[in-house]
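Contents: one structure, followed by commentary.
The values are calculated or read from the model by the stated rules, or taken from the named source; none is laboratory data. Remember, predicted model here, so these are calculated numbers, not experimental data. Heads up, the Cβs are rebuilt from the backbone with ideal geometry, glycines too, and the neighbour counts pull from every protein chain shown. Areas reflect the complete protein model, heavy atoms only, side chains present, ligands, DNA and RNA absent. Shrake-Rupley method; radii C 1.70, N 1.55, O 1.52, S 1.80 Å.
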Amino acid sequence: MNLFITGAAKGIGAATARLFVEKGWFVGLGDVDEAGLMQMEEELGKEHVCSCVMDVTDVESVKLAFEKFTSHTGGKIDALLNNAGILHAGPFDEISLAQHRRLIDINFFGVVNCAHQALPYLEKSDRPLLINMASASSLYGIPNLAIYSSSKFAVRGLTEAWDIELAHKGIQVMDIVPKYVQSDMTAGETGKKMNLDREKTLLNPEQVAQQIWKAIHQKKLHWYIGFEIKLFALILGLIPPKVKRIITQQASHYAPSYNLLGDQR
């Protein structure tokens, strides 16, 4: 079996690559970080991985990466993990339009681009899997994460639509919905803007990787990681919009309470 991971040079992507190689899978490593990819390749062994420098927003870049990877896999992709993403945290009007646009291009169009180009290779697999990295920020719009949160709403929407649309091709679709994860994305000033100084428990990338491994062996659309996120998802399905708004205020830095919502990578 094989798996192609975008955003594979660090964080959840790297942890997932390590786990799947350990389980005997051949793994494609896609990332713009060439140095990071070389380190991963050296660590995991060239016989177990295929590193591909790629930009998920660039059509030709993704095309060439998939061609390179599938030249080692008999022309097929068994599983694609759309993990690449960026985050800009802070007041909406203090983040430039260029930053907002770049975030949407990577977090949303990157998923569309990779899935679109992977479909012919996925269809050649006996049990194809399309896995999208969402976020607990996709459950309700989060202040100071407005565009990031919206991009993850879009990913959840894609997941739900593709789950229906691609079923006739035999492709199983799912998304992973973690709370905060210890990573470069949630460190330093970004973490402060996201109110992570009040977060008591952070997931680590290895925990998310373990859930991805579990998810590919079961049929479920949304995989919520973290007790708070599972509870919040349940609550949101039962309560009226006004109450949802109050809960989100309490769960974010806009109210003096610990944070129930989260992010990944």
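If you go through the range 53-101 one residue at a time, how many are of a type in the set (Ser, Thr, Tyr), part of a loop (DSSP other than H, G, I, E, B) and closer than 22 Å to GLU123 by Cα?
First, pick out the residues of the range 53-101 that are of a type in the set (Ser, Thr, Tyr): 57, 61, 70-71, 73, 96.
Then drop every residue that is not part of a loop (DSSP other than H, G, I, E, B), which leaves 57, 71, 73, 96.
Narrowing the set further to residues that are closer than 22 Å to GLU123 by Cα leaves 71, 73.
Selection size over the range 53-101: 2.
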Quiz prompt | Conditions (1) open to solvent by 70 Å² or more (accessible area, probe 1.4 Å); (2) out of contact with any helix residue (DSSP H, G or I) (no Cβ under 6 Å at 6 or more places or on another chain); (3) hydrophobic (A, V, I, L, M, F, W, C): number failed by ILE95 | solution = (1)
Quiz item: Just checking, how many residues over the range 49-58 are more than 14 Å from PHE4 (Cβ to Cβ) and buried (at least 16 other Cβ atoms within 10 Å of the Cβ)?
Solution: 2
Quiz item: Is it the case that some residue within the range 94-111 is at pLDDT 95 or above, within 25 Å of ILE229 (Cβ to Cβ), within 14 Å of the chain's Cα centre (by Cα) and among the aromatic types (Phe, Trp, Tyr)?
Solution: yes
Quiz item: Residues LYS23, LYS10, LYS46: which one is closer than 23 Å to ILE216 by Cα and surrounded by fewer than 16 Cβ atoms within 10 Å (Cβ to Cβ)?
Solution: LYS23
Exercise. Please identify the pairs in which a residue from the range 31-45 that is touching a residue at least 60 places away in the same chain (Cβ under 8 Å) has its Cβ atom under 6 Å from the Cβ atom of a residue that is surrounded by 13 or more Cβ atoms within 10 Å (Cβ to Cβ) and of a type in the set (Val, Ile, Thr), counting only partners at least 6 apart or on another chain.
Key: none
Self-check item: Residue count, the range 59-71 (criterion: open to solvent by 30 Å² or more (accessible area, probe 1.4 Å) and in contact (Cβ under 8 Å) with a residue 60 or more places away in the chain)
Solution: 0
Quiz item: Just checking, which of ALA65, ALA35, ALA8 is closer than 16 Å to VAL111 by Cβ and over 18 Å from the mean Cα position of the chain (by Cα)?
Solution: ALA65
Quiz item: Which helices (runs of 4 or more DSSP H) does the range 135-254 wholly contain that include 2 or more residues that are open to solvent by 10 Å² or more (accessible area, probe 1.4 Å) and at pLDDT 90 or above?
Solution: 146-165, 205-215
